[in-house]
Every structure is written in structure tokens, then in C-alpha cells.
Amino acid sequence: MFGGRSTITKVANDLGEDEDWSWDIANEMEIEDGVIWVYGIGEDGVQAFTDFGIENLIELIKFYKENPGLLRR
């Protein structure tokens, strides 16, 4: 479905989810979960996901939809 690495914006759009809400969820993920930061010139980075990371994000989205009170904001 996604292939390679995808940014949080692309993943949220592809899943039909709100980007800010997806960001809140993804912010809890670690590199072992398949999330990485991609840096270019300068200090700004972009959060991106491996295929494994997208699978984990999808599972976390399902979990937080079922348990909305557990998401730390």
C-alpha cells in the first residue's frame, strides 16, 4: 500500500485520518517501532515511517479509537 518510507502527512492522508491526531499518536512511537526522523539541510526534520512503522501506527490508531481517553495530549 505505501512502500518504502512515508511521512506522517502522507500516511494520515492515505488512512483518511487527521494529521494532527495521527501526529499525537505517532509521537509516542520509538525507532524500534519503525518511525524515523529524516533531516535535510538545516535543523528541520520530517517524521517518516518504514512499512513496519505504518503497520504499528495503524494498530495504535485502532487502539486509540477504541480507547480515546488513553491518548496523552
Checklist entry - Can you work out ³J(HN,Hα) from phi for every residue in region 16-30, in order, using Karplus 6.51 cos²θ - 1.76 cosθ + 1.60 and θ = phi - 60°, giving whole Hz and x for Gly and Pro? => result x, 10, 5, 5, 5, 5, 5, 4, 4, 6, 5, 4, 7, 7, 10
Checklist outcome for this item: Here region 47-53 yields Karplus 3J(HN,Hα) values (6.51, -1.76, 1.60; θ = phi - 60°; whole Hz; Gly and Pro given as x) of 6, 9, 10, 7, 4, 4, x
Checklist outcome for this item: Along principal axes, largest first, the alpha-carbon spread of the chain in whole Å comes out as 39, 28, 23
Checklist entry - Within region 53-73, whose backbone N sits under 14 Å from a point 7 Å along Cα→Cβ of GLU28? => result 56-73
Checklist entry - Where does the chain land at 222 nm, in deg cm²/dmol rounded to the nearest 500, when only DSSP H runs of n ≥ 4 count, each adding -39500 (n - 2.57), divided by all residues? => result -13000 deg cm²/dmol
Checklist entry - Distance in nm between label sites at VAL38 and ASN67, each 7 Å beyond Cα in the beta-carbon direction? => result 3.1
Checklist entry - So what is the relative contact order of region 6-70, in percent, for Cα pairs below 8 Å that sit 6 or more residues apart? => result 31
Checklist outcome for this item: Amide H proximity to GLU17 below 5 Å, modelled H, separation 5+ or other chain, gives none
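Rule-based calculations on the coordinates, nothing more; no lab input. The structure displayed is predicted, hence computed values, not measured ones. Cβ: placed from backbone, ideal geometry, glycine included. Neighbour counts: every protein chain shown.
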